[in-house]
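Enquirer: Right, I'll just put the structure down here and ask away after.
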Amino acid sequence: MRKIVHIDMDAFYASVEQRDDPKLRGRPVVVAWRGARSVVCAASYEARKFGVRSAMPALRAERLCPHAVFVPPDFVRYRAVSKQVREIFSRHTDLIEPLSLDEAYLDVTENKMQLWSATEVATAIRTCIREETQLTASAGIAPNKFLAKIASDWRKPDGQFVIKPAQVEAFLAPLPVSKLPGVGKVMEANLAKFGITTVAQLRVLGATVLEQRYGRWGQRLHELSLGIDDHPVVSERPTLQVSAEDTFSKDLRLSEIGEMIAALAAKVWKSALKEEGRTGRTVVLKLKTSDFRILTRSLTPPQPPASEEEFIDIALSLRERVDQPSRTRYRLVGVGLGNFRDANEFLPQPELFGD
């Protein structure tokens, strides 16, 4: 039986801004760039009372909360605080799986401080975070990752919640199916057609029926309805893809975005060089049309791109695979380098027989 803690910093970016600028404390703070295409990176709890949420268009946030203070994001500062928080985690366990700058899973089945329970570990971590960063965090404690993540949201902000093994099925029963990982709006609507809106109803449907309707995913849904999740905390996850994207100030045609593709590719290449001993092989071009359709095109050449120039050329060439009318306009472009492997996999092989 694992003991998993999910730590989630409270309104992280906005809280850092309020901590560092006393004038912002108690005020509705929205972390976002100004502009028609900007989206909200974070919102303080004062702003959330007005319905402002992360990923919301900044213009909508401004309409919902006209007196909000907009602050441009400072990711250098946020990364520094995140590093400080992760150092606190490492005092208690080496099994740490970061999900983002502001949240992580910790496996504390065995903890370095030899505290008696996972609840004590979570309390100790949250106390250190408050004392050393002047910020607050919430925690969820449970036998597995997906339950711990649900629990961390239960007593926000600045709280923690425990789901004990014996409580799992009863705790899950009344929750909406959207609380289960992987159940998005499409799956939620699909289940609703069959009258399934809660986890308890999903559980009653049974594994056989769910598997008949949804294949292997149906079996997984049944397991989740019972609170079963055997995925371990993965402390070191190798990079799968390095990417960068940008939104245009106005919609552009495909022929007009070459300069931006080249600039993004150069940025990605510099990031990829930091992956010591590993090489990316697949080049990806991502586009979002003016009507919000997302298109991706990729190419895996026989040998990985050997230089920034070659990488840029491949990224630019992927435009030729975009089979949309020439009048189509795009609001966003992204470039990625994925399929990372150990660099020695691509070294020339020695000749089997010499002259």
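The values are calculated or read from the model by the stated rules, or taken from the named source; none is laboratory data. Quick caveat: nothing in here was measured; it's all calculated off a predicted structure. No Cβ is skipped: glycine too gets one built from the backbone with ideal geometry, and neighbour counts run over all protein chains shown.
Enquirer: Yes or no: segment 202-209 includes at least one residue that is of a type outside the set (A, V, I, L, M, F, W, C), crowded, with 16+ Cβ neighbours inside 10 Å and touching a residue at least 12 places away in the same chain (Cβ under 8 Å).
Expert: Looking for residues that are of a type outside the set (A, V, I, L, M, F, W, C), crowded, with 16+ Cβ neighbours inside 10 Å and touching a residue at least 12 places away in the same chain (Cβ under 8 Å), one finds at least one in segment 202-209, hence yes.
Enquirer: Also: Name the residue that is nearest to residue 61 (Cα to Cα), counting only residues in segment 23-41 that are outside any loop (DSSP other than H, G, I, E, B) and at pLDDT 95 or above.
Expert: Once the filter is applied, the top-ranked residue is 30.
Enquirer: Something else: Taking residue 189, is it under 17 Å from residue 296 (Cα atoms) and not charged (D, E, K, R)?
Expert: Answer is no for this residue.
Enquirer: Can you tell me which condition residue 325 does not meet? The list is (1) modelled with pLDDT of 90 or more; (2) touching a Leu at 6+ places or on another chain (Cβ under 7 Å), and all the others hold.
Expert: (2)
Enquirer: With the requirement that a residue be hydroxyl-bearing (Ser, Thr, Tyr) and either at pLDDT 95 or above or touching a strand residue (DSSP E or B) at 6+ places or on another chain (Cβ under 6 Å) (or both), what does segment 93-108 give you?
Expert: 93, 105
Enquirer: Of everything in segment 228-268 that's without any contact (Cβ under 8 Å) to a residue 24 or more places away in the chain and closer than 21 Å to residue 292 by Cβ, which residue is surrounded by the most Cβ atoms within 10 Å (Cβ to Cβ)?
Expert: 256
Enquirer: Name every residue in segment 1-41 that is more than 11 Å from residue 135 (Cα to Cα), out of contact with any Pro (no Cβ under 8 Å at 6 or more places or on another chain), without any contact (Cβ under 8 Å) to a residue 60 or more places away in the chain and surrounded by 24 or more Cβ atoms within 10 Å (Cβ to Cβ), in order of residue number.
Expert: If the condition is that a residue be more than 11 Å from residue 135 (Cα to Cα), out of contact with any Pro (no Cβ under 8 Å at 6 or more places or on another chain), without any contact (Cβ under 8 Å) to a residue 60 or more places away in the chain and surrounded by 24 or more Cβ atoms within 10 Å (Cβ to Cβ), then 29, 30 are the ones that fit.
Enquirer: Can you say whether residue 311 is among the hydrophobic types (A, V, I, L, M, F, W, C) and touching a Pro at 6+ places or on another chain (Cβ under 7 Å), as far as the supplied structure shows?
Expert: Spelling it out, residue 311 is indeed among the hydrophobic types (A, V, I, L, M, F, W, C) and touching a Pro at 6+ places or on another chain (Cβ under 7 Å).
Enquirer: Where residues in segment 271-296 are more than 23 Å from residue 250 (Cβ to Cβ), basic (Lys, Arg) and out of contact with any Asp or Glu (no Cβ under 8 Å at 6 or more places or on another chain), which of them is surrounded by the fewest Cβ atoms within 10 Å (Cβ to Cβ)?
Expert: 274
Enquirer: Right, next: Do we find that residue 198 is among the polar types (S, T, N, Q) and surrounded by 14 or more Cβ atoms within 10 Å (Cβ to Cβ) in this structure?
Expert: yes
Enquirer: Here are some conditions: (1) of a type outside the set (Phe, Trp, Tyr); (2) in contact with a Leu (Cβ under 7 Å, 6 or more places away or on another chain); (3) outside any helix (DSSP H, G or I). Residue 224 meets all but one. Which one does it not meet?
Expert: Of everything listed in (1) of a type outside the set (Phe, Trp, Tyr); (2) in contact with a Leu (Cβ under 7 Å, 6 or more places away or on another chain); (3) outside any helix (DSSP H, G or I), residue 224 misses just condition (3).
Enquirer: Something else: If you take the residues in segment 328-355 that are surrounded by 10 or more Cβ atoms within 10 Å (Cβ to Cβ) and acidic (Asp, Glu), which one is modelled with the lowest pLDDT?
Expert: Ranking the candidates gives 345 first.
Enquirer: Say we look at segment 68-108 and pick out the residues that are of a type in the set (Val, Ile, Thr) and surrounded by 14 or more Cβ atoms within 10 Å (Cβ to Cβ); which of these is farthest from the chain's Cα centre (by Cα)?
Expert: Residue satisfying both the conditions and the ranking: 69.
Enquirer: What about residue 211, is it acidic (Asp, Glu) and more than 30 Å from residue 89 (Cβ to Cβ)?
Expert: So residue 211 passes the test.
Enquirer: So, in segment 141-170, how many residues would count as being free of Cβ contacts under 8 Å to residues at least 24 places away in the same chain and out of contact with any helix residue (DSSP H, G or I) (no Cβ under 7 Å at 6 or more places or on another chain)?
Expert: 7
Enquirer: Continuing with the same structure: Could you pull out every one of the helices (runs of 4 or more DSSP H) wholly within segment 54-158 that has 1 or more residues that are charged (D, E, K, R), out of contact with any Asp or Glu (no Cβ under 6 Å at 6 or more places or on another chain) and over 13 Å from residue 6 (Cα atoms)?
Expert: Output list reads 58-64, 75-90, 118-133.
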